[in-house]
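This report refers to the structure that appears directly beneath it.
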């Protein structure tokens with residue numbers, strides 16, 4: 001019979017194996033992408049815009065309502081992603097950004113700042129970025145991965161969605177757009193070798209970057225943000 005000391009010697013090896021359990025993330029194509037050609041706005045007169053962002057996260061089956069989170073909770077470097085996409089709008093003049101926070105409900109001064117920005121800007125572009133996952137799928141997946149010491153490949157799926165609404169100075173809706181994509185992270189021991197090539201964070205950034213580029217490209221092509 002195996003001695004107690006011999007069994008104890010196996011514990012560090014098992015722990016190391018579990019720590020090294022790898023993962024690889026793969027994203028879907030974006031749904032509702034702009035189908036038309038990219039056309040530059042023929043009216044070069046600059047417009048002022050305030051971009052209002054809401055970052056929302058929800059675990060279906062666990063959260064009763066979507067939860068507002070910080071802009072870097074779902075994807076890091078969001079400011080850089082936005083800065084990369086803004087050149088899609090050729091006549092963007094003075095602009096401001098505002099991120100809605102859950103605590104705004106108790107902060108009239110922040111609500112007043114947003115109201116002031118909307119009053120002085122030619123357009124308001126409200127962008128809601130949502131990430132959702134299904135609780136029971138993730139719970140059962142984590143259970144299966146643990147019971148099999150991550151030997152069985154287990155998928156964890158998240159859905160990302162963008163809702164963009166454009167309002168004029170009178171707060172009349174002039175355009176609305178949606179985009180959607182999903183991200184599946186596979187967890188399995190040997191995927192530790194695939195992780196450096198398919199990290200989850202990079203795939204998230206790709207989704208957000210494509211969302212903003214494609215939405216702004218459509219705004220530009222349709223001439224939505226025109227001087228009045």
For every helix of n ≥ 4 consecutive DSSP H residues, a contribution of -39,500 (n - 2.57) applies; sum these over the chain, divide by its total residues, and give [θ] at 222 nm rounded to the nearest 500 deg cm²/dmol. -10500 deg cm²/dmol
Cα long-axis angle, helix 108-120 against the chain (0 to 90 degrees, to the nearest 10): 50
Can you tell me the 0 to 90 degree angle between the C-alpha axis of helix 135-147 and the longest principal axis of the chain, rounded to 10? 30
Between the stretch 175-214 and the stretch 84-157, how far is it from one alpha carbon centroid to the other, in angstrom? 15
DSSP beta bridge pairing in the chain, given as percent antiparallel to the nearest 5: 65
Rounded tilt (10° steps) of 4-19 against the dominant C-alpha axis of the chain: 20
Fully extended contour minus Cα-Cα distance, from residue 79 to residue 115, at 0.36 nm per residue: 10.8 nm
Pick from 72, 106, 91: which residue has the top mean-square fluctuation in a GNM of the chain where Cα pairs under 10 Å get a spring? 106
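Rule-based calculations on the coordinates, nothing more; no lab input. What you are looking at is a predicted structure, and each value in this text was computed from that prediction instead of being measured.
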